[in-house]
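Heads up, the thing below is written out as structure tokens.
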Amino acid sequence: MTEAPAVSIRNVSKSFDGYEVLRDINLTVAKGEVVSILGSSGSGKSTLLRCVNWLEQPDRGEIHIGGARMGVDEHSGKPLRSRALAAMRARTGMVFQNFNLWPHFTVLQNVMEVPVHVRGVPKDQARQRAQALLDKVGLAEKAGQYPHTLSGGQKQRVAIARVLAMEPQVLLFDEPTSALDPERVGEVLAVMRDLSADGYTMMVVTHEMDFARAVSDKVVFLEQGKIIEQGDPETFFTRPRTDRVRKFLDREH
Amino acid sequence: MSNWDTVWQMRGTFLAGFGSTLLLFLVAATAGFLLGCLAIYALEGRANPGRRLLRALIDGVRMLPFLIFIYLLYYGLPALGLRLSAWNAGMAGLAIYHGAYFAEILRGARLVLPPGSLEAAYAHGYTGGKAFLRIVLPQLVMRTRGIMGNQLIMCLKDTSFLSIITVTELTAAANAVQSRYFIPVEAFVVAIALYWLLSIAIEALVRWAGRFGRQRGIEHD
């Protein structure tokens, strides 16, 4: 038997108030693969990502993480109960556009919080691991500070350390550099590049074309809730098949 | 013998009343705060009939004059077969009445809490209860510190109403002394001084607690 894909999205559709945001999306992400999701604002990229960890629930279709059905009990077909849903969500780790660090915890506490209070890791062990992760994102010396004292780029790197601490199978990045000032974008992208080199499976919604081109194994282009083009980055960026993508790439460059 | 000597001779009565007031306040404020937290947790999520009823109950209690609420508990409940001692009725009344206010204070802060930190909690595998306890509630408490302090002082002063249903707290003690020795000014000045003392202590504690919010950028100078 072949290994289940890290993420499998099958026939997913989603509407908000009668407006169709996602239309029959099919996408498979293999283990260790980096998939960039591109498209203009309102094309449904963020919604698609938020469906993967059930922050939004698709109206139709199925999502599987490492072979396990997200959000729905495979046997009964009913929505997962809160504990089971939480466990499924913990298989994915989401990094948000606005960081969403917990302001009442220090940087170190932010990274330790999930291992200690969700996964039941002993405190000493969680602290050591958290310190190592902060070191990995270059913020070991900020461990005792509170998030509000950090720059946007530093906050986002803490958010990445926090997500790594829960040891997810898939990392979901929802426009991780869109809220940063241009000088701070590079430091976050550098960390993400390291993660892809470490073999993490990643889905990245982004407007950073250079990053998508250099780091992705696959690029997906969304337009009005549909995938209109997907493929390897070289082909996508040099020989796009559709006029729409050609136009989009012209404007972004 | 001067009136103040009389007050000094009756210091045992004042001290006993002061002790009762302090105990009533500590227990009722703690229980009221916990009730408020429970209520606000129960209100998490979409409005449904249960939550609408809870909102209505909270509003109903808040809009009731405290004295009438106490009368109801002490004189009204026995008609329904539930007889509480003056102390227990008073304690329960204080806790529920101020619990409703605590709930409303927390609810206001909950409405304006940026949704990101709770969403991050869910994305990191939290269930609703744990996310509320670890992520939402601490932020709500830090954000409402000042107004909570105000409510604590209201709660302290409302203990004084309980003298009317025969709880022998500080106001009742002062009243007993003044009516026996006809020294209303001295007796009540002592009571006021003791209420002020407690209020100032509460105020100082609440002000000190502001450092937690300031360190975290949740409050500002």
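Bear in mind that the values in this text are calculations on the coordinates, not laboratory data. These numbers were taken from a predicted model, which means no experiment stands behind them. Positions of Cβ are generated from backbone atoms using ideal geometry, with glycine treated the same way; all protein chains shown enter the neighbour counts.
List of remarks:
- Shown in residue order for segment A:170-183 are the 3J(HN,Hα) couplings computed by the Karplus curve 6.51 cos²θ - 1.76 cosθ + 1.60 at θ = phi - 60°: 9, 9, 10, 10, 9, 6, x, 10, 6, 9, 9, 6, x, 5 Hz (x for Gly and Pro).
- Radius of gyration and Dmax over the Cα atoms of segment A:130-214, both given in Å: 12.4, 36
- Difference of contour (0.36 nm per residue) and Cα-Cα distance, A:A179 to A:K31: 50.4 nm
- Each peptide in A:57-64, B:81-88 was scored by the mean count of other Cβ atoms within 10 Å over its residues; highest first, the order is A:57-64, B:81-88.
- DSSP beta bridge pairing in chain A, given as percent antiparallel to the nearest 5: 55
- Projected label points at B:A204 and A:D250, each 7 Å from Cα along the beta carbon direction, are separated by 7.4 nanometres.
- Inter-chain Cβ neighbour average for residues A:117-124, partner chain, 10 Å: 2
- Cα gyration tensor category, rounded, prolate or oblate, for chain A with a/c compared to 1.5: oblate
- Peptide A:148-159, shielding by other chains (average Cβ, 10 Å cutoff): 1
- Helix-derived mean residue ellipticity, 222 nm - over the protein assembly as shown, DSSP H n ≥ 4, -39500 (n - 2.57), to 500: -17000 deg cm²/dmol
- Counting Cβ atoms of other protein chains within 10 Å of each residue's Cβ and taking the mean over peptide B:126-133 gives 4.
- Of the DSSP H helices in chain B, those that are both long (alpha-carbon extent of 15 Å or more along the helix axis) and hydrophobic (Kyte-Doolittle mean at least -1.0) are B:11-42, B:49-62, B:86-112, B:145-158, B:170-181, B:184-215.
- Within chain B: Cβ-based charge dipole about Cα centre, in debye rounded to nearest 20 (Lys, Arg +1; Asp, Glu -1): 700
- FRET efficiency for A:T2 and A:R81, using Cβ-Cβ distance with R0 set to 51 Å, rounded to 0.05: 0.95
- The label-point distance for B:E44 and B:H220, in a model that sets each label 7 Å from Cα toward Cβ, rounds to 2.9 nm.
- Exceeding the 25 Å Cα-Cα cut-off - candidates A:K14/B:K130; A:K155/A:K218; A:K155/B:K130; A:K31/A:K123: A:K14/B:K130; A:K155/A:K218; A:K31/A:K123
- Relative contact order for chain B, counting Cα pairs under 8 Å that sit 6 or more residues apart, in percent: 29
- Taking the DSSP bridge list for the protein assembly as shown and keeping only pairs wholly inside it, about 55 percent are antiparallel.
- Charges were assigned to the Cβ only: +1 to each Lys and Arg, -1 to each Asp and Glu. The resulting dipole of the protein assembly as shown about its Cα centre is roughly 820 debye.
- Debye, to nearest 20: dipole size of segment A:41-197, +1 on Lys, Arg Cβ, -1 on Asp, Glu Cβ: 400
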